[in-house]
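Undergrad: First the structure, then my questions, so here it is.
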Amino acid sequence: MNANNIAIITGRIATDITVRGSDEKPVVSTLIITQDGYYDQSGQWIEKTSAIPVTFFGPAAKRAKAIVKGDEWTLTGKMQSDQYTNKDGVDVRTMELQLQDPSMLQIRRNKKHTAKKAA
């Protein structure tokens with residue numbers, strides 16, 4: 001991974017994983033939601049929520065199959081941008097987090113959330 005392009009993101013997994021490719025070379029995709037915010041000039045807290053697409057390749061994809069919607073994960077990878085023209089002729093820019101190294105996945109299961117899920 002390029003030392004100039006490292007992103008660390010902690011958030012909740014918002015979607016079930018999508019697996020494509022072969023068993024030998026799987027590609028796993030999902031969406032992670034992060035929350036942040038700031039105080040405006042009046043001192044009121046303004047919440048900001050971001051949805052970030054995540055794609056796992058190689059060994060990280062095999063480990064990513066353990067991801068469960070609602071779990072909190074800390075992911076370290078590289079940000080990758082892409083640009084294409086959609087069917088309506090509009091230029092679209094995308095940004096996603098890409099992971100290949102399975103050691104860059106850390107799960108933080110929220111016991112309260114897990115208990116709620118089991119009930």
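Only the coordinates and a few stated rules stand behind these numbers; no lab work does. Quick caveat, the model's predicted, so the values are computed rather than measured. Neighbour counts run over all protein chains shown; Cβ positions are idealised from the backbone, glycine included.
Undergrad: Peptides 23-36, 80-93: what's the order by average Cβ count within 10 Å, highest mean first?
TA: 23-36, 80-93
Undergrad: Still on this structure: When a/c reaches 1.5 or more, the comparison of a/b and b/c decides; with that in mind, is segment 43-93 rounded, prolate or oblate per its Cα gyration tensor?
TA: Oblate, because a/c is 1.5 or more while a/b does not exceed b/c.
Undergrad: Looking at segment 1-85, which trypsin sites (Lys or Arg not before Pro) are in a loop (DSSP not H, G, I, E or B) and have at most 15 other Cβ atoms within 10 Å?
TA: 65, 69
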